[in-house]
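Novice: One structure, as structure tokens, below. Some questions next.
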Amino acid sequence: MNFYRITNTNPAPRALLAFCVVTAAGFCAGIVNGLLGTGGGILLLLILRRVCKSGGEGGARDAFASSIVCILPLSGLSLGMLLSRGEVPAGTVFSWEQLPLGVGAVCGGALGAYLLPRLKVPVLELLFAGLLIFSGIRMVMG
Amino acid sequence: MTDGVVGAVIAALAGMGVGGGGLLVIWMSLVRGYEIPAARAVNLAFFVLSAAAALPYHLKTRRIAWRYVLSLTAAAVPGVFLGGHLAEILSPDTARRVFGWFLILSGGMMLLGKMKRRGRMPRG
């Protein structure tokens with residue numbers, strides 16, 4: 001489906017269709033994250049890349065940055081559901097043992113945000129494509 | 001210490017919005033010997049932290065497309081609950097494989113598109 005060819009015809013249906021596509025995609029991404037515990041963020045980024053495409057290079061960077069805002073509540077909710085189902089004891093996640101990982105997460109997260117406007121978009125897209133294929137292979141292999 | 005360095009590298013990818021590709025799950029299960037559900041839970045908590053750390057900078061640089069983010073996130077939240085309930089009923093193995101193939105296809109198409117565009121570029 002060429003999203004832009006359809007949505008560039010008339011402003012009112014265009015906005016409505018964009019809203020419907022984005023909402024449906026968000027719902028599907030949520031289901032994937034809830035069902036598999038991962039992957040929702042990737043789906044969200046794929047749809048954000050499409051809808052932010054008109055912004056050119058800046059739009060591509062906006063898509064990457066925006067996906068983070070979506071992933072934050074999604075990961076938190078998925079974690080809450082995993083813990084509430086009793087599959088994993090909360091002590092495994094929130095323990096002193098994980099402190100180095102937590103420090104790495106905070107420092108690395110901030111560094112990544114700093115790097116986003118400084119890296120070329122093709123490099124970001126290559127990284128994303130590589131991680132997509134890698135994640136896919138991991139899921140297929142079980 | 002090694003955990004911190006590995007975490008920082010994966011978090012940098014997450015902070016850029018590229019994602020971690022489940023690298024931390026692999027690290028936690030293969031190197032640290034965690035069971036997959038535990039590794040996945042640590043991975044989710046890790047992503048919450050790294051996204052929270054990246055967010056202030058992205059807000060400062062005004063890179064967030066709020067009009068899409070709000071509707072995407074609002075729609076995703078009930079989806080997570082539905083997916084969570086489905087996980088209790090269904091075996092997620094088949095869904096995981098189907099989604100895996102979808103990711104391989106998407107990544108492959110992206111790389112292919114990139115190579116085609118490079119081929120079309122004038123040399124000079």
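Novice: Around B:Lys60, under 15 Å between beta carbons, what's the net of Lys plus Arg minus Asp minus Glu among the other residues? Show your work: numbers first, answer last.
Specialist: On the way: positive: A:Arg61, A:Arg118, B:Arg62, B:Arg63; negative: A:Asp62.
Residues close to B:Lys60 contribute a combined charge of +3.
Novice: Right, here's the next one. Translational diffusion coefficient of chain A at 20 °C, 1.002 mPa s, Stokes-Einstein with Kirkwood Rh over Cα pairs, in µm²/s as a whole number.
Specialist: Details: Rh = 17.3 Å.
Roughly 124 µm²/s, to the nearest whole number.
Novice: Below 11 angstrom from the Cβ of B:Glu88, what's the summed charge of the other residues (Lys, Arg +1; Asp, Glu -1)? Provide the component values of the computation, followed by the final result.
Specialist: Values: positive: A:Arg85; negative: A:Glu87.
That sum, taken over residues with Cβ under 11 Å, equals 0.
Novice: Run the paramagnetic zone check for B:Leu82: 7 angstrom along Cα to Cβ, then residues of region A:14-35 with backbone nitrogen under 16 Å.
Specialist: Under 16 Å, as judged by backbone N against the label point of B:Leu82, lie A:20-35 of region A:14-35.
Novice: Under a 10 Å cutoff between Cα atoms, tell me which one of A:Leu126, A:Leu101, A:Leu36 has the largest fluctuation in the Gaussian network model of chain A.
Specialist: So, out of A:Leu126, A:Leu101, A:Leu36, the one fluctuating most is A:Leu101.
Novice: Just the ratio, please: alpha-carbon radius of gyration of region B:1-116 over 2.2 N^0.38 Å, N its number of residues. Walk me through the numbers before you get to the answer.
Specialist: Details: Rg = 16.5 Å, N = 116, 2.2 N^0.38 = 13.4 Å.
Here the answer is 1.24, to two decimals.
Novice: Residues of B:107-117, mean number of Cβ from any other protein chain within 10 Å of their own Cβ, rounded to a whole number?
Specialist: On the way: counts 11, 4, 2, 9, 6, 1, 2, 4, 0, 0, 1.
Going residue by residue through B:107-117 and averaging, the value is 4.
Novice: Under 13 Å from the Cβ of B:Gly22, count the other residues' Cβ atoms, weight Lys and Arg +1, Asp and Glu -1, and hand me the total.
Specialist: On the way: positive: A:Arg138, B:Arg40, B:Arg96; negative: none.
Cβ neighbours under 13 Å give a net charge of +3.
Novice: Within straight cross-link reach of A:Lys120, meaning Cα distance under 14 Å, which aspartates and glutamates are found once same-chain residues fewer than 8 apart are removed?
Specialist: Filter leaves A:Glu57, A:Asp62.
Novice: Averaged over every viewing direction, what's the projected area of the C-alpha convex hull for the protein assembly as shown? Give it in nm², one decimal, please. Kindly include the intermediate steps, with their values, before the conclusion.
Specialist: Numbers: hull surface 59.5 nm².
Answer in nm², one decimal: 14.9.
Since every read-out is calculated from the coordinates, none of them should be taken as a lab result. The structure presented is a predicted model; accordingly, all values stated were derived computationally and were not measured. Here Cβ is always computed from backbone atoms with ideal geometry, including for glycine, and neighbour counts include all displayed protein chains.
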